[in-house]
Each structure stands twice: as structure tokens, then as C-alpha cells.
Amino acid sequence: MRLTKDTGPPVKPVRGRGDSALTRLLESRWLGWLGLALALAAPLVIATPYALNVMTSAAIFVMLAVGLNIVVGYCGLLDLGYAAFFAVGAYTSGVLATRLDVPLLATLPAVLAVTVVAGVVIGAPTLRLRSDYLAIVTLGFGEIIRIVATNLTVTGGPSGIYGIPGLFGDATSGAAVFYYVTVLIVAVAVLLAARLGRSRIGRAWRFIREDEDAAEAMGVHTYRTKLAAYVAGAVWGGMAGVLFGAHLSAISPASFTFLQSALVVMAVVLGGMGSTPGVVIGAVVISVVPELLRDLADYRFFAFGVLLIVVMILRPQGLWPHRSRETPHTAARSKGTDHAPG
């Protein structure tokens, strides 16, 4: 007797919940533009000096979190010394602007070069380590940068640098103008980071994050790819340092402690590692909520800690976790494999 192939009705593939209206809304590209519009409209609602200061600091913190997300979220490298690059950018622009009277915008190429060199110098010997060892070494480098800035004369020592000019000099030193310029710069930085995550090197970063040994077996040069992520994160941190110095017009080593690095890591984890919109939301929450709890006086950080614990219990993957969706091409290949004769 000859066996015949089953000619029954085809089985329909099971659809996930990824096609729901809420999912389509959350993955819409218009949400980014909506967030930018809300940020630009915020001074129209409240434009007090205190509110503008908080919103500007939040925008700079968003840039820091997006930069660290390249290292931690995309590539899976736990960096506990990210404030080192924040300090390198701030001190490079501050020294050039105050000691050599260079306009702050003209210092950007020098900041870019110095942060790239710092990323290579710090990352080259450390990225051969993994897991907890990498975290401890990056923490050590972060403290080294802060101590060096404290003891050098050119950086002002413990007192830091004062009198840093605005981005466009003193002509447009208004808080509202600087806020709008900062928001636009940060929006471009967020867009570039998101594009990097969807690029070819971004996919390599995610492969390394999931399984570094498997990625190397498939032909990915893991060391160079990790170093590229580290240098990219350094550039974002350095540029945020320039905005930070222009915003406060003064910097000191006390602004670049381990606590600053820990807060940036907290924003990435809270928002959702690897998710650009989630990291933006996490950074805004970390920087704004403590200011909203100021009426609680000495208990505001206690209340803030309780809120963070509650959020992480309810949303262990973050406020807006990254969703990896199967592309139509991959789905077609998988469908063909499933129907292949065994």
C-alpha cells in the first residue's frame, strides 16, 4: 500500500497580539513627532525660570540616556562609568571656551575628537572583559577621570570651571531660547541613535547582546563591534557634556560622580533596554519626578525610590520594552521551511 500525502485543509498560522490597535499605535512613527511637539509646546504652558531649568536638564539627561542605551541596551555592555565621557565633553569645551576664548560651537570638533580618543583608550583594554568584570573596570575608569579633573590645574581643580559662554555667545543667553536649541539637538541625537539601532551594525550589536559566542561564530568581529558601540556612546555623552556646561555656565568634578552614571543606567533600565522611546521616557521620569516630589522635603527620595520599586515590579521589562518583530522576508523563509518535506 502506498502512503499518500495528507491533503487536508491548510492550517492557518496563529496570529500574535502584535497586530492590535494599541501595538500599532505604540509602534507608529508619528509618536516621535508627537513627543517633539509636546517638548516644544511645554514652555507655552509654563515658562518660569525654574520650569525651564528642569526641562532643559531633562532634555540633556535624555541625550545621556540615549547614548548609554547604545552601549547597554543595544550591545549589552554594562557601563557603570558613563559619566567619564560626560565629563570629558564638558571639560574639553569648557577649557577651550574659557582659557582660549574659543566660541562654544567651535569646540564641537575638538570635543568629538577627544571623546572618540577617550572611548578608544578606555574601551580598547576593557572590552575584552565581560559581565561583572567589565562593569567594575568601567566604574574604575569613571572614577579615574573624575579624580584627574579634581587634581589638574587646567580643569580648575575641585572648584571646576566658571564663566562658560552659551552656545551662541551672550547674545542669545535666554533660558527659553537655549531650551529650544537643546530640544532640537537632542531630537537629532535621538533620531540618529534610533537609526543606528536599525542599521546593519545595530543588528550586530543585538546579536552580541543575545549571544556573543554565537555572533562570533557567525562571522561578527565582536571586539571591533563592541568598540564601535562604546565609541558611539562616548560621542553622545561628550556632546551632552557640552550642553551641560553651556546650560549651567559652570562645571565641577562633583557633577560627574558615580551617582550620575547610576542614574543614567537607571533611566535605561526603567524605560526598557534597547528601546529608544522607552529610554526617552525613562530619562524624563528619572529627571522630572524628583522635582515634582519636592513638597515632600526630606522624604521625596524615599517616595521616589518606592515608586521605582513599584514600577519595576509591575513592569520588569521597562516602561516601553523593545519589541523585535519578524520581517515579511523572514516570515516567508520560515513558512517555506515549515512546509519543506521532512
- Task: Go ahead and collect, in residue order, the members of segment 68-109 whose backbone nitrogen is under 14 Å from a label point 7 Å along the Cα-Cβ direction of Ala124.
- Result: none
- Task: For segment 47-257, report the accessible area per residue in Å² (1.4 Å probe, heavy atoms, rounded to an integer).
- Result: 43 Å²
- Selected from Thr222, Thr115, Phe244, residue furthest toward positive end of dipole (segment 47-257; charges at beta carbon): Thr222
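Run the numbers on segment 47-257 and let me know its relative contact order in percent, using alpha-carbon pairs under 8 Å that are six or more apart.
Numbers: 322 pairs, mean separation 90.7, N = 211.
Computed value for segment 47-257: 43 percent relative contact order.
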- Task: Please work out how much length the chain gains when fully extended from Val102 to Val289, using 0.36 nm per residue of separation minus the C-alpha to C-alpha distance, in nm with one decimal.
- Result: 63.7 nm
- Note on the structure: The simple spin-label model distance between Ala250 and Arg203, using points 7 Å out along Cα→Cβ, in nm, is 5.1 nm
- Query: Taking Cα centroids, how far is segment 82-114 from segment 220-259 in Å?
  - Reply: 11 Å
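Once neighbouring chains are kept in place and the probe is 1.4 Å, which whole percent of the accessible area of segment 47-257 is contributed by carbon and sulfur? Write down the numbers at each step before the final one.
On the way: 6210 of 9130 Å².
Of all accessible area on segment 47-257, carbon and sulfur atoms account for 68 percent.
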- Query: Taking amide H positions as placed 1.01 Å from N in the peptide plane, with prolines and chain starts having none, which residues 5 or more places from Ala250, or on another chain, fall under 5 Å of its amide H?
  - Reply: Ile164
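Can you tell me the FRET efficiency between Ala214 and Ala41 if r is taken as the Cβ-Cβ distance and R0 is 35 Å, rounded to the nearest 0.05? List each step's numbers first, then the result.
Values: r = 46 Å, r/R0 = 1.32.
With R0 = 35 Å, the Cβ-Cβ based efficiency is 0.15.
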- Going by accessible area, probe 1.4 Å, with all protein chains left in place, what is the ranking of Phe85, Phe178, largest first? Phe178, Phe85
- Determine the gain in length on full extension of the stretch Leu307-Val154; use 0.36 nm per residue of separation and subtract their C-alpha separation, reporting nm with one decimal. 50.9 nm
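Which FRET efficiency, nearest 0.05, do Tyr133 and Thr48 yield, Cβ-Cβ r, R0 35 Å? Write out the running numbers ahead of the final one.
Numbers: r = 47 Å, r/R0 = 1.34.
The formula returns an efficiency of 0.15 here.
The values are calculated or read from the model by the stated rules, or taken from the named source; none is laboratory data. Worth saying up front: this structure is predicted, and the values here are computed from it rather than measured. All Cβ positions, glycine included, derive from the backbone under ideal geometry; neighbour counts span all protein chains shown. Side chains included, ligands, DNA and RNA excluded: accessible areas come from the protein's heavy atoms. Shrake-Rupley method; radii C 1.70, N 1.55, O 1.52, S 1.80 Å.
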